[in-house]
Amino acid sequence: MALGGNKGGMMSEINVTPFVDVMLVLLIIFMVTAPMMTQGEKVTLPEARSEPLPTVENQIIVTVNKEEAISINNEPVKIGFLCDTLKLKLENRVDRDVYLRADRDIPYGNVVQVMSEIKRAGIQKLGMLTMPGKNMDNESQQPSAKQPSEG
């Protein structure tokens, strides 16, 4: 009794239909869940008149939310470890710009403390993320930034 094709040998073809079906299902799952994973913390940014920030891949964004919790690119970090964590993240980077997103309702002293830790990590350029002012012509709600200042 012969297995496989009409020549009597073993069948050496792989049926890829189940593989393609599984890959399509995984693709759909990732397409649906990816936007949900990129949502960060809720931060009410202060408003300012400035130009929109050009999008750069792999930006380092330090966030301080309303509860005064600190995170680097949505990874929680304690204030005592902020300096060391930034040093590790920027170890092999050419672009050493860091952007700070701070909720407008937190005390100014806390923002200054975070800025001090960022500067202590050796960051020379620190940008402040804001929302466009209400009286600006640009109606979009994309964050804008003051250009990083030399420290």
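The values are calculated or read from the model by the stated rules, or taken from the named source; none is laboratory data. Since this is a predicted model, take the numbers as computed values, not measurements. Note that we place each Cβ from the backbone using ideal geometry, even for glycine, and neighbour counts take in every protein chain shown.
Hey, does the stretch 89-110 have a residue that's at pLDDT 85 or above, assigned to a helix (DSSP H, G or I) and among the β-branched types (Val, Ile, Thr)?
Within the stretch 89-110, not a single residue is at pLDDT 85 or above, assigned to a helix (DSSP H, G or I) and among the β-branched types (Val, Ile, Thr).
Working only within the stretch 70-81, note down all residues that are assigned to a loop (DSSP other than H, G, I, E, B) and surrounded by 14 or more Cβ atoms within 10 Å (Cβ to Cβ).
Result: no residue meets the conditions.
What are the pairs, 6+ residues apart or on separate chains, where a residue within the stretch 63-82 that is under 11 Å from Arg101 (Cα atoms) has its Cβ under 7 Å from a residue that is basic (Lys, Arg) and in a strand (DSSP E or B)?
So the pair list comes out as Thr63/Arg101.
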